[in-house]
Amino acid sequence: MKKPLRKIATTALCLLVLLVGLAAALPALADEAPKPDPSGANTGVINDIIGASAGAPTDNDIKTMSEKEPLAAKVGDVAGHNRISINIVWTLICGFLVMFMQAGFAMVETGFTRAKNAGHTMAMNFMIYGLGMLGYWICGFALQMGGVGGVATLGGAGVLNGEYVIHLFGKEFGLFGTKGFFLSGTTYDAAVFALFLFQMVFMDTTATIPTGSMAERWNFKSFVVYGFFVGGILYPLFANWVWGGGWLSTLGKNFGLGHGHVDFAGSSVVHMTGGVAALVGAWVLGPRLGKFNKDGSPNAIPGHHIPMAVVGTFILAFGWFGFNAGSSLSGTDLRIGVIATNTMLASAAGAFSSMMYMWIRYGKPDISMICNGMLAGLVAITAPCAFVTAPSAVLIGVIAGVLVCLSVFFVERTLKIDDPVGAFSVHGLNGAWGVIALGIFADGAYGDGWNGVSGTVKGLLYGDASQFAAQLVGTLTNLIYVGLVSLIFFVILKKVIGLRVPEEVEIEGLDQAEVAVTAYPDFNLRNLPKY
Amino acid sequence: MKKIEAIIKPFKVDDVKKALNEAGITGMTVLEVRGFGRQKGHTEIYRGAEYVVDFLPKIKVEVAVPAESVPAVVERILTAARTGKIGDGKIFVYDLEEVVRIRTGERGREAL
C-alpha cells in the first residue's frame with residue numbers, strides 16, 4: 001500500500017472506532033420517553049388487535065371490556081403479542097430473502113462481464129453488502145426512518161419520533177429523520193431492529209445496482225467511499241421522503257394529491273434510485289476501453305458466463321417474493337397473496353415480451369436480454385404489486401419487458417453510455433414506469449388510509465387523476481435529486497481519488513491488480529513443486 | 001514417412017479418431033486450435049450489437065504414417081470429417097524426416 005493511502009486508511013479506521021465508541025456512550029445521553037423494548041417481551045399488546053380483521057374489536061370495545069373482564073383483557077394482550085410476532089417473523093424472513101438477492105446481483109453482473117474481471121465484479125457485489133450496511137447503521141437508518149413514528153404492524157412504543165421538518169406555504173415538509181443513529185439510545189428496541197434489518201437489505205439492493213453499470217473499470221478505493229455514501233446518505237434521504245414520513249408521502253394530506261407518492265415496495269425508492277445513480281456513475285466514469293468505435297458505434301462485449309447470469313436472475317426472482325410481499329411488514333395482512341402472485345405474473349410477462357421483441361427484431365431470443373426482461377417486469381411491479389389486478393400486473397410486465405430492450409439500445413446507441421449489464425434500463429427506467437403504472441392501474445381494492453388519506457388507492461383509470469400526479473411528482477423528484485446528488489458525488493470523487501483503474505490494468509483485467517485474486521487462475525499454465 | 005495434419009470441426013474428433021484406428025493407426029496428437037479460412041469467421045448479435053467471431057474453435061489432429069498409407073488415411077479422414085458445409089477444415093501432408101521413440105531409442109519406421 002502506498003504511504004498516503006495507508007494514512008487515509010488508518011485515519012478512516014480510527015474515525016470508525018471513535019464513532020463506535022461514541023455510539024456505545026449514547027444511551028447515557030438519551031432522553032427517557034418513549035420507552036424502548038430491547039427484549040421484545042412488551043411489544044405487541046391488546047391494542048394491536050384493533051383493525052386486525054374486519055370483525056376485530058374496536059378501541060371502544062377494548063376500553064369497556066377490560067374493566068369487566070380482566071382475563072379477556074390478558075388473553076387479548078397475548079393475541080396482540082401473537083399478531084405482532086407473526087408480523088415480525090414475516091418481516092424478518094422476507095428480509096432474509098431480500099438479503100439473498102445480493103447473491104443474485106453478484107451472479108447476474110459477473111455473468112454479463114468478462115472472465116478477466118470476474119473476481120473484481122464479485123468483490124464489489126460482495127463488499128457493497130458490508131459497506132452499505134455500515135453506512136446505513138451509522139446514519140442511513142436514522143435519516144430514513146428516524147421520524148416515522150411507529151410502524152403499526154410491528155408494534156412497539158414508537159421510539160422513532162424525530163422527523164426534521166421545515167415549514168413552507170403553511171405546510172410541513174419532512175426532510176429527514178433524527179432518531180436511530182448507530183441503532184443506539186432509545187432505538188435499542190426489538191421492533192426497531194427488525195425494521196432496520198428489513199430496510200437495510202432494501203438499501204443494499206439500491207447500493208449494488210451501480211456496481212453493474214460501472215463494472216470492469218471502476219477502481220476499488222473509490223468504490224469503498226461510494227459504498228458508505230449510498231448507504232449513509234444518498235438512499236436514505238429519498239427513502240425518508242416516501243417511506244419515513246417525509247414530504248413526498250404527505251403530498252396527499254397537504255395538497256390533495258391522491259395518497260401522496262405511493263411506492264409499495266420500492267420501484268422508485270430502491271430501483272430508480274439505484275438505476276439513476278448507475279447511469280450517472282457510468283457516464284462520469286466513461287465507457288470500457290474498446291466499447292465504442294471512433295464514429296461512436298458500439299461494439300458488443302459478450303458476458304463470459306451466461307448460465308451464471310441466468311441462475312442469478314432466478315435467485316433475484318425468488319428473493320423478490322420477500323421484497324414485495326414482505327413490504328406489507330405484516331404476515332397478518334392477507335393481501336400478501338395478491339402481492340406475491342402479481343409479482344410472479346409481471347416477471348413472466350416481462351420475460352415473455354422481451355423474448356418476443358428480441359426474436360422478432362434480431363431473429364433470436366437473446367437469453368441475456370430475457371433475463372433483463374424478467375428483472376424489468378419485477379422492478380415495474382414492485383410499486384404497484386399491492387394495488388393492481390392480475391391483468392394489470394401482466395400488462396405492466398409486458399410493457400416493462402419491451403421498455404428494457406428499447407432502453408438498452410437507447411443508452412448504448414444514443415446516449416453513448418456503457419452500461420455492461422443494463423442496470424439503468426432494468427432498474428432506473430422501469431422503476432419510473434412502476435410508480436407511474438401504479439398511478440394508472442391502482443384499482444381501489446387496497447390501501448385504505450394510506451399515508452393518512454382516507455379511502456383506498458386509485459389510479460387514473462379508476463378515477464383518481466391526482467394520484468397519477470403524485471406519482472409523477474415522486475418520479476421527477478427522484479430523477480432530479482438522485483441525478484444531481486450522485487453527479488456531484490461522482491465528479492468530486494473523480495477529482496479527489498479518481499474513479500478509473502489505469503489503462504494497462506483495464507486491458508490486463510482488474511482481478512489481480514484491484515482485488516489480489518484472479519477468478520480463474522487455471523487459465524494460466526503453472527508449475528507446482530511435486531514433493 | 002509422412003506427417004498428416006487435419007484441421008476439423010471439434011464435434012468430428014471422435015469420428016476421425018475411430019476412422020484412423022480402423023486404418024491401423026495406433027497413435028495421434030490432438031490440439032485445440034482457433035482459426036479462419038475463406039469465410040473469415042462470422043457475425044453474432046449480443047444484446048442487439050453485432051460482433052465478429054473471426055477465430056473459430058477447431059481441432060487439429062496430427063498423425064505420422066508410412067508414406068504408402070497416406071492416400072488411404074487421407075481418404076478416411078475425408079469421409080469421417082466431412083459434413084459438406086462451410087468450415088469442414090483442411091488436411092495438410094508433410095514429409096517427415098525422422099521419428100524417435102523416446103523409451104527405446106528406436107528410429108525411423110520402427111518408431112511409428
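FYI, it's all coordinate maths here, none of it is from the lab. This is a predicted model, so every value here is computed, not measured. Quick reminder, even Gly has a Cβ in these numbers, built from the backbone with ideal geometry, and neighbours come from all protein chains shown.
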### Query
For region A:424-517, what is the largest minus smallest coordinate of the Cα atoms on each principal axis, given in angstrom and ordered from greatest to least?
60, 26, 20
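So for A:243, A:320, fewest C-beta neighbours within 10 Å to most, what's the order? Mind dumping the intermediate values first?
On the way: A:243 25, A:320 30.
With the sparsest Cβ surroundings first, the list reads A:243, A:320.
If you take each beta carbon of peptide B:41-54 and count the beta carbons of other chains within 10 angstrom, what is the mean?
So the per-residue partner count for this stretch is 6.
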### Query
For chain B, what's the relative contact order in percent, using C-alpha pairs closer than 8 Å and at least 6 residues apart?
42 percent
#### Entry: nm² value of the averaged projected area, convex hull over the Cα atoms of chain A
29.8 nm²
#### Entry: Spatially proximal aspartates and glutamates relative to residue B:85 (Cα-Cα < 15 Å; intrachain offsets below 8 disregarded)
none
### Message
Could you check the spin-label model distance between residue A:50 and residue B:29? Points 7 Å from the Cα along Cα→Cβ, value in nm.
### Response
8.7 nm
### Query
Fewest first, what order do A:361, A:288, B:109 take by the number of other Cβ atoms within 10 Å?
B:109, A:361, A:288
### Query
If we count every other residue with Cβ under 15 angstrom of residue A:439's Cβ, Lys/Arg +1 and Asp/Glu -1, where does the sum land?
-2
### Task
Report the relative contact order of chain A, percent, no decimals, based on alpha-carbon pairs under 8 angstrom and at least 6 residues apart.
19 percent
### Task
Take the Cβ-Cβ distance between residue A:360 and residue A:115 as r, set R0 to 22 Å, and report the resulting FRET efficiency rounded to the nearest 0.05.
0.10
### Message
Between region A:59-104 and region A:464-505, what is the separation of their alpha carbon centroids in Å?
### Response
39 Å
### Summary
Charge tally for neighbours of residue B:109 with beta carbon under 13 Å away, counting Lys, Arg as +1 and Asp, Glu as -1, is -2
### Subset of A:116/A:530; A:63/A:458; A:116/B:17; A:63/A:171 violating a 30 Å alpha-carbon distance limit
A:63/A:458; A:116/B:17; A:63/A:171
### Query
Just going by the charge dipole of chain A, with Lys and Arg at +1 and Asp and Glu at -1 on Cβ, which of A:262, A:462, A:452 is farthest out on the positive end?
A:262
#### Entry: Cross-link pairs beyond the 18 Å C-alpha cut-off, checked among B:2/B:58; B:40/B:90; A:291/A:416; B:58/B:90
B:2/B:58
### Task
May I ask you to sort B:47, B:38, A:500, A:413 by Cβ crowding, counting other Cβ atoms within 10 Å and putting the fewest first?
B:38, A:413, A:500, B:47
